[in-house]
Amino acid sequence: MSQTTVDAVADPRMTGARARPPIGSTGPLGWVRANLFGSWWSTAVTLLLGYVILRVVVTFFLWGVVNAVWTVPYSPQGIANTAACQNAKGIGACWAIISDKYRLILLGRYPYDQQWRPAICVLLFIGLYGVSAMRRFWRKELALIWIGTLVLVGVLMWGGVLGMPMVAEDQWGGLPITLMLATLGLACAFPLSVLVALGRRSTNLPAIKMLCVLYVELIRGVPLVAVLFMANVMFPLFMPQGVNIDKLLRIQVAIILFTGAYLAEVVRGGLQSLPKGQAEAADALGLSYWKKTAFVVLPQALRLVIPPLVNTFIGSFKDTSLVLIIGLFDLLTMGKVALSDAPWQSFSTEVYLMLAVIYFVFCFAMSKYSRGLERELARAHRR
Amino acid sequence: MSGARTVPKKALRISWSDPRFRAIFWQIVIVGIVALIVWYLVGNTNRNLAARHIATGFAFLGRVAGIPIGESLIPYNPAIDTFGTALIIGILNTLKVALIGVVLATILGTLVGIGRLSGNWLLAKITGVYVETLRDIPLLLQLLFWYALLQGLPAPRNALHVGDFIFLCNRGIRMPTLVWESADTWALVAFLVGVAGTWFWNRHAHQRQEATGHRPAVWPIALLLLIGLPLGVWGLLGAPTAVDMPVLHGFNFQGGGTVSPEFFTLLVGLVLYTATYIAEIVRSGIQAVALGQWEAGGALGLSRGAVLRRIVLPQALRVIVPPMTSQYLNLAKNSSLAVYIGYQDVMSIANTTLNQTGQAIEGIAYIMAVYLTISLSISLFMNWYNARIALVER
């Protein structure tokens, strides 16, 4: 595309009619020719795909915008009259369900007048991700920021202080639960995974190595659904009689254990990719094992694993949706709850699309970040 | 360790300054703590089970199950068959969706991965959008979405149809099936013989090439053996073409084969989701092979297809296979999401069994055992394959 300018610079004598490349090999037309109609095969693909895309876009536009129902009337008792939506079913979207249910889906059954609290928690989580993404915060103080934010979230959600009424866990729901399960899962699984990875790498502690291998391989061999299921069914059996652990906590522990096993492998990858000379140099300086690990090995190894760590986080963010099976009110479950309301029952497509957009925005932002970082780190490495 | 001089082994001293003593001490402490925790939990569990009057053991496997199972690869009658049979059906159903899923996801993923590298801008972009979108939406949400869409299809009476033989309705897909006769069995046998024959001929061709530099043509013989032979046998035995057609009868179809909406949803969801990851693996694998390899192959006078098959693909596979293994594992494990849409796989049947019998520990043990076995088998197979294609270094 920049061919013309390069030629012109390279050969200033070439001006006038002779210098002009043939029409159709440069400029937008040339680009179209090269990239869309390069060969008969490419032309066929372009025409076919173009037709399909056009059909899909037009259909979606008609369904989602032109024929869509945006609002529905309500009876004096506050019950929605969804006749307009029912009539439009199949030809037009019923976005009225979103405007009716969005607070329920996003913030769950939290007391309506107190919903600013979970809303702030969502913002706090997003702020936490933003801060963690910035390299200038990559130091020990970051751990304090994480602890501080998580404590603040806990205070806001539970309340009971500063004039905020107490709200029990069973009333929490929606996006804060999803973010909490994923974030706390990472925050608690991370230290665990570092210890497990170190244990698995240890050469002179065979018993501990075996325990670590057993933990990682057992967890990685079974699906998360099975682990959640186990937490739900087995946990009550494990506890002494009369002790009842809250469902949210049980599931949080299960997610921590599950994420920990995957993170341990990620951290182990980082430890393995660190040149052996680093540890040997620390040994030569006479550092003890823990000093060597804390000041020489981990700071370098953990830096290397940030991109796969973000990818693991994306995975566990998506995986929190599986708590649907035990009826914990995360974002997806709240979507299902919203759909169980009789007048709105048949408009699942609209709700699922909304949920998909929310999950997508979070995951896409994170994966974009992780890939950018990967490229950056790879560049620094190559130098 | 491999140094020229070996340090003489000293006796273990009972002293804090001996690292070996410290290592043993810490191991005893940690293993002791873990053992204590396990002992505590097992004790609690036993007491809880006693309090609930649940007998442990696998005796329940012999009891009549009484759970209805919609689709099964083996004959099953809830009134007579046992929990053991039901649990085996679960395993078969999981294997069915996982195997078909792996094959389809590999095909789709490879096509999409190549599509992303296409010179056609539109194709490259659209495959890119597909990959970026679907991998960032939870699989469970996708499954629920597809399932809701299938449920929204018309009833059998006004099913969508392709011609007059494939019907798509809210009870799944109905299509004609071939009535299986002995001629078909023999044709299958002939096909297997053909596969073996092709393999031998290919080996022979390879040996001739090694010995003489001349490679006898393989494809005409292969064509004859793989297609001609089965067709010939089938034709000789009378070429039976009886087809079982689905016919609308009352409220549902009779005859033909069915793909249940649950199976279809799970398969489509798993394939579309996993293919996005496989596409990325294939793309990076192909990109990892230097362009010079293509050019060098061309300079040797090889055709483009031969360069792809003999030079580029073997190198790309080395990059592709290890991450592909973990995607296959993920697909097999993700098939457990069947429980959310009511496809009766391992998780789903174990869940029902557990609810009916109260045998929590046995149910969980069964789930763990099945998935660990599947994971291990895939790992072993892929490691074997990986070792086969690995670079043989001197």
Only one of (1) within 11 Å of chain A (Cβ to nearest Cβ); (2) more than 19 Å from the chain's Cα centre (by Cα); (3) surrounded by 21 or more Cβ atoms within 10 Å (Cβ to Cβ) is not met by residue B:365, so which one is it? (3)
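Would you confirm, using the coordinates I've provided, whether residue B:260 is in contact with a helix residue (DSSP H, G or I) (Cβ under 9 Å, 6 or more places away or on another chain) and hydroxyl-bearing (Ser, Thr, Tyr)?
no
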Enumerate the pairs (first residue in the stretch B:44-66 and farther than 18 Å from residue A:241 by Cα; second residue anywhere and modelled with pLDDT under 75 and part of a loop (DSSP other than H, G, I, E, B)) with beta-carbon separation below 6 Å, excluding pairs fewer than 6 apart on the same chain, so at least 6 apart or on different chains. none
Are any residues in the stretch A:225-258 under 23 Å from the mean Cα position of the chain (by Cα) and at the interface with chain B (Cβ under 8 Å from one of its Cβ atoms), and if so, which ones? A:225, A:226, A:229
Regarding the stretch A:201-216, can at least one residue be identified that is buried (at least 18 other Cβ atoms within 10 Å of the Cβ) and more than 14 Å from chain B (Cβ to nearest Cβ)? no
Any hit, the stretch A:142-155, residues being aromatic (Phe, Trp, Tyr) and surrounded by fewer than 21 Cβ atoms within 10 Å (Cβ to Cβ): yes
I want to confirm something. Restricting to the stretch A:191-212 and keeping residues that are within 27 Å of the chain's Cα centre (by Cα) and free of Cβ contacts under 8 Å to residues at least 40 places away in the same chain, which single residue is farthest from residue A:147 (Cα to Cα)? A:195
Check off (1) at pLDDT 85 or above; (2) within 14 Å of chain B (Cβ to nearest Cβ); (3) under 26 Å from residue A:251 (Cα atoms) for residue A:327 and give me the number that stays unchecked. (1)
In the stretch B:159-168, is there at least one residue being within 30 Å of residue B:277 (Cβ to Cβ) and away from every other protein chain (no Cβ under 14 Å)? yes
Of the residues B:288, B:296, B:360, B:306, which single one is closer than 30 Å to residue A:229 by Cα and of a type in the set (A, V, I, L, M, F, W, C)? B:360
If I filter the stretch B:273-291 down to residues being modelled with pLDDT of 90 or more and among the small types (Gly, Ala, Ser), which single residue comes out as surrounded by the most Cβ atoms within 10 Å (Cβ to Cβ)? B:275
Those residues that are within 11 Å of chain A (Cβ to nearest Cβ) and either under 23 Å from the mean Cα position of the chain (by Cα) or aliphatic (A, V, I, L, M) (or both), I need them from the stretch B:116-126; list them, please. B:122, B:123, B:124, B:126
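For every residue, the table says whether it meets (1) under 30 Å from residue A:74 (Cβ atoms); (2) assigned to a loop (DSSP other than H, G, I, E, B); (3) away from every other protein chain (no Cβ under 12 Å); (4) touching a helix residue (DSSP H, G or I) at 6+ places or on another chain (Cβ under 7 Å).
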{"site": "A:280", "(1), (2), (3), (4)": "no, no, yes, no"}
{"site": "A:294", "(1), (2), (3), (4)": "no, no, yes, no"}
{"site": "A:309", "(1), (2), (3), (4)": "no, no, yes, yes"}
{"site": "A:343", "(1), (2), (3), (4)": "yes, no, yes, no"}
{"site": "A:353", "(1), (2), (3), (4)": "yes, no, no, no"}
{"site": "A:368", "(1), (2), (3), (4)": "no, no, no, no"}
{"site": "A:372", "(1), (2), (3), (4)": "no, no, yes, no"}
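So that you can scan it fast, the table gives a plain yes or no per residue for (1) at pLDDT 90 or above; (2) on the phi > 0 side of the Ramachandran plot; (3) in contact with a helix residue (DSSP H, G or I) (Cβ under 6 Å, 6 or more places away or on another chain); (4) within 10 Å of chain B (Cβ to nearest Cβ):
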residue: A:285; (1), (2), (3), (4): yes, no, no, no
residue: A:289; (1), (2), (3), (4): no, no, no, yes
residue: A:304; (1), (2), (3), (4): no, no, yes, no
residue: A:320; (1), (2), (3), (4): yes, no, yes, yes
Tell me the residue from B:87, B:95, B:73 that is aliphatic (A, V, I, L, M), over 17 Å from residue B:352 (Cβ atoms), away from chain A (no Cβ under 14 Å) and in contact (Cβ under 8 Å) with a residue 60 or more places away in the chain, please. B:95
(1) touching a Lys or Arg at 6+ places or on another chain (Cβ under 7 Å); (2) surrounded by 22 or more Cβ atoms within 10 Å (Cβ to Cβ) all hold for residue B:90 apart from (1)
In this structure, is residue A:14 outside any strand (DSSP E or B), in contact with an Asp or Glu (Cβ under 9 Å, 6 or more places away or on another chain) and modelled with pLDDT under 80? yes
Please specify each residue of the stretch B:286-304 satisfying the condition of being touching a residue at least 12 places away in the same chain (Cβ under 8 Å) and touching a Gly at 6+ places or on another chain (Cβ under 8 Å). B:286
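Can we say residue B:25 is in a helix (DSSP H, G or I), farther than 28 Å from residue B:353 by Cβ and more than 9 Å from chain A (Cβ to nearest Cβ)?
Answer is yes for this residue.
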Which of the residues spanning the stretch B:37-58 are more than 10 Å from chain A (Cβ to nearest Cβ) and surrounded by 12 or more Cβ atoms within 10 Å (Cβ to Cβ)? B:56, B:58
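Considering only the stretch B:112-226, give the helices (runs of 4 or more DSSP H) lying wholly within it that have at least 3 residues that are buried (at least 18 other Cβ atoms within 10 Å of the Cβ).
B:121-134, B:139-151, B:182-212
Do we have any residue at all in the stretch B:320-336 that's over 24 Å from residue B:103 (Cα atoms), assigned to a helix (DSSP H, G or I) and more than 8 Å from every other protein chain (Cβ to nearest Cβ)? Write out each step before concluding.
Restricting attention to the stretch B:320-336, the residues satisfying the condition of being over 24 Å from residue B:103 (Cα atoms) are none.
Taking every residue of the stretch B:320-336 in turn, none turns out to be over 24 Å from residue B:103 (Cα atoms), assigned to a helix (DSSP H, G or I) and more than 8 Å from every other protein chain (Cβ to nearest Cβ).
Quick check on this structure: which one of A:4, A:46, A:26, A:71 is at pLDDT 80 or above, of a type in the set (S, T, N, Q) and closer than 30 Å to residue B:119 by Cα?
Checking each option against the conditions leaves just A:46.
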Suppose the filter is at pLDDT 90 or above, crowded, with 22+ Cβ neighbours inside 10 Å, part of a helix (DSSP H, G or I) and out of contact with any strand residue (DSSP E or B) (no Cβ under 6 Å at 6 or more places or on another chain); does residue B:372 pass it? no
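The values are calculated or read from the model by the stated rules, or taken from the named source; none is laboratory data. Everything quoted here is computed from the prediction, not taken from an experiment. Neighbour counts are summed over all protein chains in view; Cβ atoms, including those assigned to glycine, are modelled from backbone coordinates with ideal geometry.
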